[in-house]
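The block underneath contains the structure these notes are about, expressed in structure tokens.
The values are calculated or read from the model by the stated rules, or taken from the named source; none is laboratory data. Note that the structure is a prediction, hence the values are computed from the model and not measured. Counting neighbours? That spans all protein chains shown, and the Cβs are built from the backbone with ideal geometry, glycine included. Heads up: the accessible areas ignore ligands, DNA and RNA and are worked out on the full protein's heavy atoms, side chains in. Shrake-Rupley method; radii C 1.70, N 1.55, O 1.52, S 1.80 Å.
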Amino acid sequence: MAATSATLTQRIRDREPVLGTFVSLGSPAVTNLLACAGYDYLLIDLEHGAGSETVLQNQLFAAEAEGVATMVRTETFDRIRIGRVLDLGATAIMLPRVDSAEQASEAVAHLHYPPDGDRGVAASNRARRWSMRTDPFVQTNREVAAIVQIESVEAVRDVERIAAVPGVDALFVGPSDLSHSLGVPGDLDAPAFGEAVDAVLAAARANDVAAGILAATPERARAFVADGFTLMVLSADVNMLAGAARDALARTRQ
């Protein structure tokens, strides 16, 4: 059964294995199609994806119509970017390129209403059911999950302190950025990449937070799960569409 957004937050914190995919095309129809496929959650990408905040709300509707949870990767971890996404109804936020514990602390603060953070307080938005949600604002703070991306040599060096920041729910390895930063672009079998992954997993375990990673293939995803990752992202809508299109064309021409 698909999880709701609130359940996704708890499943991440419980380090229960959850499997999602990137939604990069900015299409509510594609979002709904993937929701129908049965993923535990969909990760809507505002950093590298074709979509924007303009279409995000309809993408959230499209996933939730099928009872599927959503996570949103913001363009940056700036306060205004995070706040707008949260006000649209997102409850799990992936924070890109966090290189230090200080940056992680700043980013997490933007996810929470005062006194826990500095999220802007407003009732006339979807997050507050258009002013019809009347419980205290601070009560919603525990509903929001913070997923911090580890994508650089600097982040790996500081990963233990990053994992210890209050409010961090998961560390998420970005394989492409991290492998490039390590000087082994795209080589996920390189010793340097393996050592970095081990450091992330160790920091996550030591601080009782989840560890996540993007896998390009089901085989790679299963290997990452065996390593100890629980927050899995399998490929992306654009990669699956491109792969299926190429495969169908090649097989037909044969």
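Computed values, structure above
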read-out: Residue, farthest from Thr140 (Cα to Cα), within the stretch 71-96, restricted to residues that are open to solvent by 40 Å² or more (accessible area, probe 1.4 Å) and not charged (D, E, K, R); value: Thr76
read-out: Hits in the stretch 99-115 (condition: in a loop (DSSP other than H, G, I, E, B) and in contact (Cβ under 8 Å) with a residue 40 or more places away in the chain); value: Asp99, Ser100, Leu111, His112
read-out: Hey, Phe61 part of a strand (DSSP E or B), among the aromatic types (Phe, Trp, Tyr) and either in contact (Cβ under 8 Å) with a residue 40 or more places away in the chain or over 18 Å from Leu171 (Cβ atoms) (or both) or not; value: no
read-out: Which numbered condition Ser24 misses (of (1) over 15 Å from the mean Cα position of the chain (by Cα); (2) under 16 Å from Leu241 (Cα atoms)); value: (1)
read-out: Which numbered condition Gly89 fails, given (1) touching a helix residue (DSSP H, G or I) at 6+ places or on another chain (Cβ under 8 Å); (2) of a type outside the set (D, E, K, R); (3) on the phi < 0 side of the Ramachandran plot; value: (3)
read-out: Complete set of residues in the stretch 17-36 that are farther than 26 Å from Gly228 by Cα and either open to solvent by less than 10 Å² (accessible area, probe 1.4 Å) or acidic (Asp, Glu) (or both); value: Thr31
read-out: Restricting the stretch 37-55 to residues that are at pLDDT 95 or above and among the acidic types (Asp, Glu), the residue that is surrounded by the most Cβ atoms within 10 Å (Cβ to Cβ); value: Asp45
read-out: All positions within the stretch 43-81 that are of a type in the set (S, T, N, Q) and under 18 Å from Ala107 (Cβ atoms); value: Thr74, Thr76
read-out: Where a residue in the stretch 40-56 is touching a residue at least 40 places away in the same chain (Cβ under 8 Å) and its partner, wherever it lies, is of a type in the set (Asp, Glu) and surrounded by fewer than 22 Cβ atoms within 10 Å (Cβ to Cβ), with Cβ under 9 Å and at least six apart; value: Glu47/Glu75
read-out: Top-ranked residue in the stretch 68-98 [being β-branched (Val, Ile, Thr) and assigned to a loop (DSSP other than H, G, I, E, B); ranked as modelled with the lowest pLDDT]; value: Thr91
read-out: Scan of the stretch 100-115 for residues that are open to solvent by 40 Å² or more (accessible area, probe 1.4 Å) and either in contact with a Cys (Cβ under 8 Å, 6 or more places away or on another chain) or more than 20 Å from Ala210 (Cβ to Cβ) (or both), ordered by number; value: Glu102, Glu106, Pro114, Pro115
read-out: Residue within the stretch 201-215 that is part of a helix (DSSP H, G or I), closer than 19 Å to Gly49 by Cα and open to solvent by 80 Å² or more (accessible area, probe 1.4 Å) present; value: no
